[in-house]
1. I'm told residue A:68 meets every condition in (1) under 30 Å from residue A:171 (Cα atoms); (2) surrounded by 18 or more Cβ atoms within 10 Å (Cβ to Cβ) except one. Can you identify the failing condition by its number?
2. Does any residue of region A:77-96 turn out to be open to solvent by 20 Å² or more (accessible area, probe 1.4 Å), in contact with a strand residue (DSSP E or B) (Cβ under 9 Å, 6 or more places away or on another chain), more than 14 Å from chain B (Cβ to nearest Cβ) and of a type outside the set (Lys, Arg)?
3. Looking only at region A:143-194, how many residues end up being acidic (Asp, Glu) and either part of a helix (DSSP H, G or I) or on the phi > 0 side of the Ramachandran plot (or both)?
4. Considering only region B:223-254, how many residues are in contact (Cβ under 8 Å) with a residue 24 or more places away in the chain and facing another protein chain (nearest Cβ under 9 Å)?
5. Let me confirm something: among A:45, A:102, A:19, which residue is in a strand (DSSP E or B) and either crowded, with 19+ Cβ neighbours inside 10 Å or hydrophobic (A, V, I, L, M, F, W, C) (or both)?
6. Sort out which residues of region B:14-37 are surrounded by 17 or more Cβ atoms within 10 Å (Cβ to Cβ), closer than 21 Å to residue B:143 by Cα and not hydrophobic (A, V, I, L, M, F, W, C), and write them in order of number.
7. Considering only region B:207-222, state which residues are open to solvent by 10 Å² or more (accessible area, probe 1.4 Å) and within 14 Å of chain A (Cβ to nearest Cβ).
Amino acid sequence: MLCELITNNTHNNNVALYKCYNANKVFYRKAAFSHWGNKVIENEKKGYDWFYKDSEFLIDVKFRKRYFYELDIPEFKGRKFPSESVISGNEESIEKIIAFYKDRWSTNDIFAIHGDLALWNIIIDRNNIKIVDWEHFHYSGKEFFGYDIINMLFVLIYNESKRTFSLNKRNRDFLKKCYIQLIEGAGNSNKILEKPFRNAKDYLLKYKDRFLISTNIYKKFVLSVSPLSVLEHFDSIVTR
Amino acid sequence: MLAPQNSYTNLSSAVGLGLIGFNGKDIAVDYGCMCSDSFVYASRLCKRIVGINTSYERLKTLQKRLVEEDVKNYGLVNANYNEQHFNEAFDYVIINSFLEQLLIEIKHNKSIFLESMIRSKKKNNSPGEIRIGFLQRVCNGLRPGGTLYLSYANKLRIRTLLLFIKLAIESSFTAISLKKAPSFTSLLNAIYLFPYYLLSQRGLEKLLKSNGFVDIEKYAVFPDHKCPLKIIPLRKLYECSYEPVQHLYGEGSLKRISAGVKRRVDRLIFKNFKLFDLSPSFIITARKSS
């Protein structure tokens, strides 16, 4: 078996990601290099179990519990997105993802948060959507419905506006459309969607321990570094 | 083997060893013990590991670390690499910074060097007679089917080239002074060692084959083999993606600018032109024929 090292110790997670080529099969392997890394991998396994337990497709995630844990994840076929993805050109996919989120997250008995949902962690194969990288997975209350989508939208805004946080009218209208689509699935007690971006940041900072991060949270999530004035600006755009 | 729950050492620098799959029954040997993280990592996943080094001080430092980490399944041997005669004792051989050892041997044994030169001119690819004592010892120590893991820095790097250019420019404009003598001495030494280096680098695969190894895989390693962030198997070059990676130490505008320049140069060299011979480091894995 031949392996390629894709990343190592990203954001100090003590985990390496390999792409493995075994005869005609390709899969990804996450391997821990400390006990912290073991926790991260164990958590990721929980995420996959939660997400795929009611899934129509069987996925073959192999978990090996040795001194250092390992997780083998199959390579999913479909459209993948680069890390610098923006809103423009991806509107159709974003709407598909929101529809999928509403369906999957609101019907699942136990509510959970992916924690790092962004286009690069999503693979779309026709109408099937697969989500990877569950390192920051955690269980949470249903009142936080929408957190993951708001985080994904903010990453897109961040990339789209090249850190200046100014969007054109087309993108602003699209954001509003996404918000309306999302709010249809939220309950009355929702604690995110009244002021989505601001509340998402509050959730992230208040419950940062749930995200299992061993580095400074401000280095990992763009939502956490963005000033409140910017978040409130985008809140006003989508809720108006 | 149960993990002590208070041990949180991050052994991410041993990520190269993830390319070879250890299992709990394996016995490994580390020639040189150059990277203590790798030694600790292997000790966690193998049944037993032996470290061999010529320096007593180096072994003492390593032992201190092993005590701190509560590693117990190890043995340390203070001896010359070529003095050890293990016979099919190991499932894995780990050698970090290997090429230096090979270079010393080739440099001291002119017949190997000359013979290899003649062979390469004749374009004779048949392996068989280039016997390197060190490699033979390594091969003898491995069980049939056992795995060899080598990592080493690529000395044919742009930085070396820049040093050559810098010294050449300096010598044209200024008189040779005593202050610059050490630089010139190291430059001369580098020039002297260069053919040996090229021989061992280019002929490494041949040398390994002629010393009993098969299934040889070579990997390009970035930004260095001491703490890799990206490892690309050269056999899968066109299926792998390359994006520049580097360790960022400290902050400051000058460091940011130089990191940006390096990123652009790396992207050009490795992503656009695929010149992986210029990679900063390499890892080689090979198997002893059964």
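1. The number of the failed condition is (1).
2. We begin by selecting, within region A:77-96, every residue open to solvent by 20 Å² or more (accessible area, probe 1.4 Å); these are A:77-80, A:82-84, A:86, A:88-89, A:91-92, A:95-96.
Still in the list and also in contact with a strand residue (DSSP E or B) (Cβ under 9 Å, 6 or more places away or on another chain): A:77-80, A:96.
Adding the requirement that they be more than 14 Å from chain B (Cβ to nearest Cβ) leaves A:77-79, A:96.
Pick out the ones that are also of a type outside the set (Lys, Arg) and you get A:78.
Checked region A:77-96: at least one residue is open to solvent by 20 Å² or more (accessible area, probe 1.4 Å), in contact with a strand residue (DSSP E or B) (Cβ under 9 Å, 6 or more places away or on another chain), more than 14 Å from chain B (Cβ to nearest Cβ) and of a type outside the set (Lys, Arg).
3. Within region A:143-194, residues that are acidic (Asp, Glu) and either part of a helix (DSSP H, G or I) or on the phi > 0 side of the Ramachandran plot (or both) number 4.
4. 4
5. The unique qualifying residue is A:19.
6. Passing the criteria: B:18, B:26, B:30, B:31, B:32.
7. Matches in region B:207-222: B:215, B:216, B:217, B:218.
One line per residue, one yes/no per condition, for (1) open to solvent by less than 40 Å² (accessible area, probe 1.4 Å); (2) touching a His at 6+ places or on another chain (Cβ under 8 Å); (3) at pLDDT 95 or above:
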residue	(1), (2), (3)
A:159	yes, no, no
A:183	no, no, no
A:191	no, no, no
A:200	yes, no, yes
A:203	yes, no, yes
A:213	yes, yes, no
A:219	no, yes, no
A:233	no, no, no
A:240	no, no, no
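The values are calculated or read from the model by the stated rules, or taken from the named source; none is laboratory data. Everything quoted here is computed from the prediction, not taken from an experiment. Every residue, glycine as well, gets a Cβ built from its backbone with ideal geometry; the counts of neighbours run over all protein chains shown. These area figures cover heavy atoms from the full protein model, side chains too; ligands, DNA and RNA do not enter into them. Shrake-Rupley method; radii C 1.70, N 1.55, O 1.52, S 1.80 Å.
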